[in-house]
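Engineer: Structure below; questions to follow.
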Amino acid sequence: MKKTPVIDLFAGPGGLGEGFSQAGFDIRLSIEMDPIACETLKIRKFFHSLNNKNPNQDYYDFVRRKITLEKLKESYSELWKNAESRVLNAELGNKKHDKLINERLDEILKDQDEFILIGGPPCQAYSLAGRSRRLGTGFIKSDNEETEDNLRQRKEENSKLFYEDKRHKLFEEYIKIINRYNPKIFVMENVKGLGSAKSGMTEKNGSVFENLTEGLKDPGKILKEKNGSKYSLHSLVKSNRLGLDDDFAVASDFIIKCEDYGIPQKRHRIIIVGVREDINIKPSKLSLSEKNYTVRDTISDMPRIRSGLSKKEDTSINWISEIEKEYNRLLGGKENNDLKIPEIIKTIGSSSSDLSRGGEFVEDDKSINHSNDLTMELSDKNICGWINHHSRSHIESDLIRYLFCSAFASHHKKTPLMKDWEGNLEAIKPAHNNITQDKDTGKLTASSHNDRFKVQVWDNPSSTIVSHISKDGHYYIHPDPEQCRSLTVREAARLQTFPDNYFFFGGRTAQYHQVGNAVPPLLAKTIALNIKKDFFEKK
């Protein structure tokens with residue numbers, strides 16, 4: 001069967017496109033504004049062209065740092081040229097790029113009736129955390145007492161800037177592409193906060209979700225342009241259909257909870273499937289997974305590594321020495337004995353010389369451990385190790401905080417909340433602007449988050465991997481207290497269900513950013529297989 005072409009908008013590093021590619025679709029063009037993510041997209045498309053032809057050792061030599069990218073390009077110039085032609089580094093919504101984008105799409109989609117449009121407009125402006133942060137008065141308090149009028153004025157100024165954010169309008173770029181090219185099917189992904197977001201500062205502006213669904217149903221009408229095709233909108237988790245005559249959609253009906261569909265992560269996202277009006281088929285609901293995968297299922301087979309030191313010479317001896325010193329300075333046996341932190345530190349001391357910090361390639365011939373279907377699907381024996389598996393450096397006081405959090409989770413099977421840092425543990429309480437102490441009770445409170453330091457619990461799915469992981473690792477502490485660190489890029493990528501052979505370009509911060517912004521490829525694959533079965537294999 002001829003592969004159906006797919007256009008991937010706001011592609012990021014290609015998580016959504018990867019799932020469709022694994023399901024047998026042809027990702028003809030990925031459009032992304034981040035030039036580093038575009039390099040990741042190119043190498044992935046190159047990998048698929050090699051893999052489809054015949055598995056080739058040269059790619060693995062590249063990810064193992066045995067040959068350079070230039071050598072790889074030189075050896076496979078035609079395949080690389082083809083991979084580059086399938087990636088467009090351009091910004092949707094930037095008028096300077098509109099002509100280029102339309103020219104490329106015109107060329108690819110000429111006389112093409114059956115293609116699929118996928119993508120998720122950047123969602124930071126709609127996320128619950130983003131709205132809370134940007135619509136409030138900010139974490140940093142004024143040195144002087146502020147009057148109610150000053151606070152109200154500051155909040156109004158924040159609101160004005162928030163609603164003028166151009167990211168609020170990026171879904172219109174998606175709608176413009178639908179109206180111009182009339183895809184047979186489209187799949188749009190976004191954060192669940194989209195369901196409660198307003199489109200302006202007053203109630204009369206309506207909700208973003210209502211405006212979005214009206215535009216997706218009838219793109220020409222909302223754009224006030226020549227009408228193209230119209231669409232019915234479908235949920236993949238409920239038997240809901242939103243047609244042209246339906247006035248209201250409940251956003252919650254479109255939320256997919258990833259952990260219910262074989263993804264080891266509590267990631268909840270809105271997924272809308274649009275079907276062109278001339279196609280009398282509706283997508284079937286996704287089947288629930290028989291297995292709910294956990295952090296242990298996903299990353300426990302990976303090499304144990306230690307964190308680095310940010311302010312001292314980074315050696316194993318110094319690392320354990322700083323842990324012991326910070327423990328004695330800050331706690332000195334005052335913590336709950338149930339956590340057995342002294343015993344953990346003793347174990348760390350006896351094995352620390354065996355732990356490295358990992359690296360961009362970690363050789364490990366014993367890395368393949370098919371302990372479950374998930375690791376079997378993600379792993380690749382040809383790597384003979386792990387890529388993008390390098391630990392961060394942390395300040396000494398954070399090492400003991402990380403150790404406490406993971407020891408707490410090992411004992412209590414949950415991450416500690418602010419109240420769990422009280423009493424004798426006050427000496428290691430998080431030293432951040434949004435952590436305060438009640439003047440009357442002395443209790444610790446968090447003005448924004450009640451779990452400013454969060455450990456990923458072994459026997460639960462992970463919390464949502466988001467782009468904030470690129471800033472620090474405090475929300476993503478490894479569950480093993482003997483490693484005293486946050487998750488590596490590869491561990492985060494595994495929890496996002498990226499294959500182990502998926503190579504991310506850029507420095508570690510850029511790699512984290514790409515992983516956090518992506519759609520889990522295995523969720524995308526599940527969606528793509530459903531669409532393939534319903535629309536392209538039925539007679």
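The values are calculated or read from the model by the stated rules, or taken from the named source; none is laboratory data. Here the structure is a predicted model, which is why all the values come from computation and not from measurement. Because the Cβ atoms are built from the backbone with ideal geometry, glycine has one as well, and the counts that use them run over all protein chains shown.
Engineer: Return the total of residues in the stretch 224-265 being of a type in the set (Asp, Glu) and modelled with pLDDT of 95 or more.
Structural biologist: The total comes to 2.
Engineer: Please tell me if LEU79 is without any contact (Cβ under 8 Å) to a residue 60 or more places away in the chain, touching a helix residue (DSSP H, G or I) at 6+ places or on another chain (Cβ under 6 Å), more than 25 Å from VAL519 (Cα to Cα) and assigned to a helix (DSSP H, G or I).
Structural biologist: Here the answer is yes, as LEU79 does meet what is asked.
Engineer: Now a separate question. For the stretch 283-329, enumerate the residues that are basic (Lys, Arg) and closer than 27 Å to ILE465 by Cα.
Structural biologist: LYS285, LYS291, ARG296, ARG304, ARG306
Engineer: I want to confirm something. Restricting to the stretch 456-479 and keeping residues that are of a type outside the set (Ser, Thr, Tyr) and farther than 18 Å from TYR293 by Cβ, which single residue is modelled with the highest pLDDT?
Structural biologist: Of everything passing the filter in the stretch 456-479, ILE477 is modelled with the highest pLDDT.
Engineer: Continuing with this model, one more query. Scan the stretch 240-251 and tell me whether some residue there is touching a Leu at 6+ places or on another chain (Cβ under 7 Å), closer than 30 Å to PRO342 by Cα and in a loop (DSSP other than H, G, I, E, B).
Structural biologist: No, that holds for no residue.
Engineer: Are any of the residues in the stretch 513-536 under 21 Å from THR415 (Cβ atoms) and hydroxyl-bearing (Ser, Thr, Tyr)?
Structural biologist: no
Engineer: Now, a different point. Report yes if some residue within the stretch 514-536 is buried (at least 24 other Cβ atoms within 10 Å of the Cβ) and without any contact (Cβ under 8 Å) to a residue 60 or more places away in the chain; otherwise report no.
Structural biologist: Among the residues of the stretch 514-536, not one is buried (at least 24 other Cβ atoms within 10 Å of the Cβ) and without any contact (Cβ under 8 Å) to a residue 60 or more places away in the chain, which makes the answer no.
Engineer: Going residue by residue through the stretch 409-428, is there one that turns out to be within 13 Å of HIS474 (Cβ to Cβ), among the hydrophobic types (A, V, I, L, M, F, W, C), at pLDDT below 90 and not in a helix (DSSP H, G or I)?
Structural biologist: Checked the stretch 409-428: no residue is within 13 Å of HIS474 (Cβ to Cβ), among the hydrophobic types (A, V, I, L, M, F, W, C), at pLDDT below 90 and not in a helix (DSSP H, G or I).
Engineer: What are the residue pairs meeting all of these: first residue in the stretch 344-364, first residue at negative phi, second residue surrounded by fewer than 13 Cβ atoms within 10 Å (Cβ to Cβ) and β-branched (Val, Ile, Thr), Cβ atoms under 8 Å, and 6 or more apart or on different chains?
Structural biologist: SER352/ILE317; SER353/ILE317
Engineer: Could you list, in sequence order, all residues of the stretch 304-350 that are in a loop (DSSP other than H, G, I, E, B), more than 19 Å from ILE477 (Cβ to Cβ), among the charged types (D, E, K, R) and at pLDDT below 90? Explain how you work it out, then say what you get.
Structural biologist: Just the residues of the stretch 304-350 that are in a loop (DSSP other than H, G, I, E, B), to begin with: 304-307, 310-315, 331-336, 340.
With more than 19 Å from ILE477 (Cβ to Cβ) added as a condition, the list becomes 311-315, 332-334.
Filter once more, keeping what is among the charged types (D, E, K, R): 311-314, 334.
Matches in the stretch 304-350: LYS311, LYS312, LYS334.
Engineer: Of everything in the stretch 351-371, what is modelled with pLDDT under 90 and within 32 Å of the chain's Cα centre (by Cα)? Give them in sequence order.
Structural biologist: Within the stretch 351-371, SER352, ASP354, LEU355, ASP364, ASP365, LYS366, SER367, ILE368, ASN369, HIS370, SER371 meet the criteria.
Engineer: Go through LYS266, LYS282 for me and flag whichever is in contact (Cβ under 8 Å) with a residue 12 or more places away in the chain, under 19 Å from ASP534 (Cβ atoms) and of a type outside the set (Val, Ile, Thr).
Structural biologist: LYS282
Engineer: State whether the residues of the stretch 9-24 include one that is in a strand (DSSP E or B), closer than 18 Å to ASN82 by Cα and among the hydroxyl-bearing types (Ser, Thr, Tyr).
Structural biologist: No - not one qualifying residue is present in the stretch 9-24.
Engineer: Kindly check whether there is at least one residue in the stretch 518-530 that is among the basic types (Lys, Arg) and in contact with a Lys or Arg (Cβ under 8 Å, 6 or more places away or on another chain). Steps first, answer last, please.
Structural biologist: At the first step, the residues of the stretch 518-530 found to be among the basic types (Lys, Arg) are 525.
Applying the additional criterion that residues be in contact with a Lys or Arg (Cβ under 8 Å, 6 or more places away or on another chain) yields none.
Checking the stretch 518-530: not a single residue is among the basic types (Lys, Arg) and in contact with a Lys or Arg (Cβ under 8 Å, 6 or more places away or on another chain).
Engineer: For the stretch 305-341, give me the residue count where each residue is surrounded by 15 or more Cβ atoms within 10 Å (Cβ to Cβ) and more than 30 Å from PHE361 (Cβ to Cβ).
Structural biologist: Count: 10.
Engineer: Hey, among the residues in the stretch 287-303 that are among the hydrophobic types (A, V, I, L, M, F, W, C) and in a loop (DSSP other than H, G, I, E, B), which one's nearest to GLN496 (Cα to Cα)?
Structural biologist: MET302
Engineer: Within the bounds of the stretch 133-155, is there any residue that is at pLDDT 90 or above and under 25 Å from the mean Cα position of the chain (by Cα)? I'd like the intermediate steps shown before the answer.
Structural biologist: Just the residues of the stretch 133-155 that are at pLDDT 90 or above, to begin with: none.
The answer is no; no qualifying residue exists.
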